[in-house]
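Scroll down for the structure; my scribbles are underneath it.
The values are calculated or read from the model by the stated rules, or taken from the named source; none is laboratory data. On a predicted model such as this, the values are computed, not experimentally measured, just so you know. A quick note on method: Cβ atoms are made from the backbone with ideal geometry, for glycine too, and the neighbour counts reach across all protein chains shown. Each accessible area value is taken on the protein alone, full model and side chains, heavy atoms only, with ligands, DNA and RNA left out. Shrake-Rupley method; radii C 1.70, N 1.55, O 1.52, S 1.80 Å.
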Amino acid sequence: MIANKENKKAEDIIERYIYTVTKSMPGKIKEDVSNEIRTLIDDIIKERFLNSEYKINDIKNILMEIGNPYELAYKYDTDYNKCLIGYPYYIYYKLVLKIVLSSTLLGIAASSIINIFINNEAFNLINIASDIFTALLLAFSFITLIFVFISNKNIDISSFAIDFDNLPKPPNKKITLYNSIITISAAIIFLSILFLSPNIFSLKINNEYFTFFNIDIIKDTILFPIVFILMLISREIIKISSNTYNKKISAFFIGINIISAITSSLWLLSYNVININFINALKKLESENSLAFNIFNNFQLFCLICILFALLLDSIYVLLKLKNKLIYKG
C-alpha cells in the first residue's frame, strides 16, 4: 500500500474518473455503471499489486488502459445519435430544457393569473396562448444555441489526452445541481412576471401602494433585464454541464460577470428604472440626515452598487477556485 496522503489522492482521482464517466447518465444506470467500473479498477489493482506498493502514476496508467472517461461515457450513452449536440451534453441539454420550459410556462401562467385577478384585466385566451408560444420558442432557441456552442467548443472535454488531476470533482449530494435548478427557475419566473405583470412588485407605505418599478421604462428597456437573466442562466448551464474550474470555464464565468456588470450599469445609470414615487415615499419615512435617507435618495445607484459588488465577489470566488485547482494540479 502507499502512504496515506498518496492513497487519498489516488482515491480522489478514481472517484473523479468514475464521476466523469457517469455524471451524464440517467439515474437508473448510473449506479450500475459506477459499481462496474469500480469493481474493474479494484480487480486490476489486486491483480498487479497484491503484495507490493503502488503509486499515483500506477493508478493513472490503469485508468488510461480502461479508457478516456468521456469516450467511455459516450459508449454507454444510447441517446448520443439522436441530436446534433455532442456527447456528453445531450442529457444535460434535455435536463436544462425541461427546467427552462417548465419555468417559463409557470412564469407565464403566474403572470396571466396576476393580470386577471389582481390587475382586473380581461381574460384573453388568444393573447395568453401567443405569450406562451413566443416565450417557449425563445427559451427553446436560446438553450439549444447555448448547448450547441458549449458542445462545439468542447468545454471540459479532452479527446486526445486525459488530465486526471483536472477531472471534475463529484458534487456533494447534488447540491450544485439543485441550486442551479432553483436559480434558473427563479430567474425565468421573475423575468416573466417583470415583463407581463410589473405591478406585482409593489409595497404599501403609509396606507398607499407604490409600484417598485417604473412600468413604462421597464416595458421600453426590457432588453436589459433579459440580457442579464440570460447571462445568469448561461452561467448555471455551464455549472450543470461542468463541475470543475479550469481556465476555460473560469474565463467564461468572468466574461459573463463582465457582460452582466455592463448591462446592469447601462440600464440603471441611463434610465429611471425605479419608480420615483416609491423612492419619495421611502424618503418620507426617514430624517434627512440619516443613512437610510441618503440610501433612499440614491436608491437606484445603491442597487447598482449591490449588483456590481455581488458580481465582483463572484469573480473573486471563481479566481480562488481556479487557483486552488492549479495548486492541486501542481
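Among the residues of the range 243-277, write down those that are among the aromatic types (Phe, Trp, Tyr) and closer than 18 Å to Ser151 by Cβ. Let's see the steps before the verdict.
Step one: list which residues in the range 243-277 are among the aromatic types (Phe, Trp, Tyr), which gives 245, 252-253, 267, 271.
Residue satisfying the conditions is Phe252 alone.
Inspection of the range 241-257 identifies no residue that is among the hydrophobic types (A, V, I, L, M, F, W, C), in a helix (DSSP H, G or I) and over 30 Å from Ala73 (Cα atoms). Of all residues in the range 265-296, those that are open to solvent by 80 Å² or more (accessible area, probe 1.4 Å) and either touching a residue at least 12 places away in the same chain (Cβ under 8 Å) or in contact with a Gly (Cβ under 7 Å, 6 or more places away or on another chain) (or both) total 8.
Taking the stated definitions as given, is Ile132 modelled with pLDDT under 75 and open to solvent by 20 Å² or more (accessible area, probe 1.4 Å)? When the stated conditions are applied, Ile132 does not pass them.
Check the range 292-304 and report whether any residue there is under 20 Å from the mean Cα position of the chain (by Cα) and under 30 Å from Asn246 (Cα atoms). Looking through the range 292-304, none of the residues is under 20 Å from the mean Cα position of the chain (by Cα) and under 30 Å from Asn246 (Cα atoms). When the residues of the range 46-62 are filtered to those that are among the hydrophobic types (A, V, I, L, M, F, W, C) and modelled with pLDDT under 85, the one that is surrounded by the fewest Cβ atoms within 10 Å (Cβ to Cβ) is Leu50.
When you scan the range 197-214, how many residues do you find that are under 28 Å from Ile258 (Cα atoms), open to solvent by 40 Å² or more (accessible area, probe 1.4 Å) and either of a type in the set (Val, Ile, Thr) or in a helix (DSSP H, G or I) (or both)? Steps first, please.
In the first step, residues of the range 197-214 are kept if they are under 28 Å from Ile258 (Cα atoms); the result is 198, 201, 212-214.
Remaining after also requiring open to solvent by 40 Å² or more (accessible area, probe 1.4 Å): 201, 212, 214.
When the remaining residues are screened for being either of a type in the set (Val, Ile, Thr) or in a helix (DSSP H, G or I) (or both), the result is none.
Final tally of qualifying residues: 0.
Taking (1) closer than 28 Å to Tyr93 by Cα; (2) at pLDDT below 90 in turn, Ile259 satisfies each apart from (2). Within the range 225-239, being in contact with a Leu (Cβ under 8 Å, 6 or more places away or on another chain) and surrounded by fewer than 18 Cβ atoms within 10 Å (Cβ to Cβ) holds for one residue alone: Ile226.
I'd like to know if the range 106-125 contains one or more residues that are among the β-branched types (Val, Ile, Thr), modelled with pLDDT of 80 or more and surrounded by 13 or more Cβ atoms within 10 Å (Cβ to Cβ).
Of the range 106-125, the ones among the β-branched types (Val, Ile, Thr) are 108, 113-114, 116, 118.
Checking the rest, the ones that are also modelled with pLDDT of 80 or more come to none.
No, because not a single residue in the range 106-125 is among the β-branched types (Val, Ile, Thr), modelled with pLDDT of 80 or more and surrounded by 13 or more Cβ atoms within 10 Å (Cβ to Cβ).
Against the numbered list (1) outside any loop (DSSP other than H, G, I, E, B); (2) at pLDDT 80 or above, Asn272 comes up short only at (1).
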